1. Hey, ASP31 hits all of (1) within 16 Å of the chain's Cα centre (by Cα); (2) farther than 18 Å from GLY225 by Cβ but one; which does it fall short on?
2. Check off (1) under 17 Å from the mean Cα position of the chain (by Cα); (2) exposed (fewer than 14 other Cβ atoms within 10 Å of the Cβ); (3) among the polar types (S, T, N, Q) for ASN18 and give me the number that stays unchecked.
3. For THR238, only one of the following conditions fails: (1) among the hydroxyl-bearing types (Ser, Thr, Tyr); (2) out of contact with any Phe, Trp or Tyr (no Cβ under 7 Å at 6 or more places or on another chain); (3) buried (at least 20 other Cβ atoms within 10 Å of the Cβ). What is its number?
4. Does the stretch 112-134 contain at least one residue that is surrounded by 13 or more Cβ atoms within 10 Å (Cβ to Cβ) and polar (S, T, N, Q)?
5. Counting only residues that are within 22 Å of ILE177 (Cα to Cα), give me the helices (runs of 4 or more DSSP H) lying completely in the stretch 1-80 with at least 3 of them.
6. Please list, ordered by first then second residue, the pairs with beta carbon atoms under 7 Å, 6 or more apart or interchain, first in the stretch 7-18 and more than 25 Å from GLY35 (Cβ to Cβ) and among the β-branched types (Val, Ile, Thr), second in a loop (DSSP other than H, G, I, E, B) and at pLDDT 95 or above.
7. Just for the stretch 115-163: of the residues that are small (Gly, Ala, Ser) and outside any strand (DSSP E or B), which one is farthest from ILE251 (Cα to Cα)?
8. Checking the structure you have, find out if any residue of the stretch 233-251 is of a type in the set (D, E, K, R) and either touching a Lys or Arg at 6+ places or on another chain (Cβ under 6 Å) or in a strand (DSSP E or B) (or both).
Amino acid sequence: MTIFAVAQMTSGPDVAANLAVAGRLIDAAADAGAGVVLLPENFNFMGQKDVDKRAIAEVYGSGPTQEFLASAAQRHRLWLIGGTQPLQSTAAGGKVTNSLLVYDPTGRCVARYDKIHLFDVDVPDKPGESYRESSSVTPGHDVVVVDTPAGRVGLSVCYDMRFPELYRRLSTAGAEILVMPAAFTVPTGRAHWETLLRARAIENLCYVAAAAQCGMHPSGRETYGDSLIIDFWGRVITRRPTGSGIITATIDRDAMARTRADFPALQNRVLTC
């Protein structure tokens, strides 16, 4: 069995400062015996405006944030799921991708997922709070599952969690753990965060690991926090409601396999519906 760690942060516009915090959290996870570590969405940068991310976007395969992730994974000999960071794209208008990169213990990038569902929303119950992620980000298209010592991990990001068809595709591809790094708003977090995460776990009989941004950011944006690890039966194993830090849980694939055999909902699907 493998220990899975989830990190929670309050990122700002200083990339070096954010990486320093992330480094301390990865160190703490390694000290706790984690074999896999998940960072939150936008862990390396949350600017004053959405378009600010264009200035710090790296070319895929090189740059300070990617070098940081590779070095941390190699130094601690663990798998590192690097939240998200902006990467340069070929899209018109200088848009970037919101990309989640996975590094193995040798420091090699073994998987990339570009966020598919972009957050273009006027937040309910919060007049004037509006987001148009598509104004600076181009969406991804590919569904990605990667093998780790903890199990087969299905990659997704934040707003993706509202679209269950993505997770059905991930579970059909063999996912046993669904990761959801996020920067959720406070109103939607209060209303839906835990409910959505537990639903994705229950309907797919998968573990769910959600790494959150939390608190008030220099831009004035406030994120919900409440990082969670949920088991395949929808039970919250551990959580961190507020503040920077880590949570850990042991992934028991044998128990998950027994539950899937005893309660064969995944096999009972009528795929033509």
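1. For ASP31, the exception is condition (1).
2. (2)
3. (3)
4. Yes, that holds for at least one residue.
5. 15-31, 64-76
6. THR10/HIS217; THR10/SER244; VAL15/ASN44; VAL15/PHE45
7. GLY128
8. yes
The values are calculated or read from the model by the stated rules, or taken from the named source; none is laboratory data. All values derive from a computational prediction rather than experimental measurement. Virtual Cβ from ideal backbone geometry, glycine too; neighbours counted across all protein chains shown.
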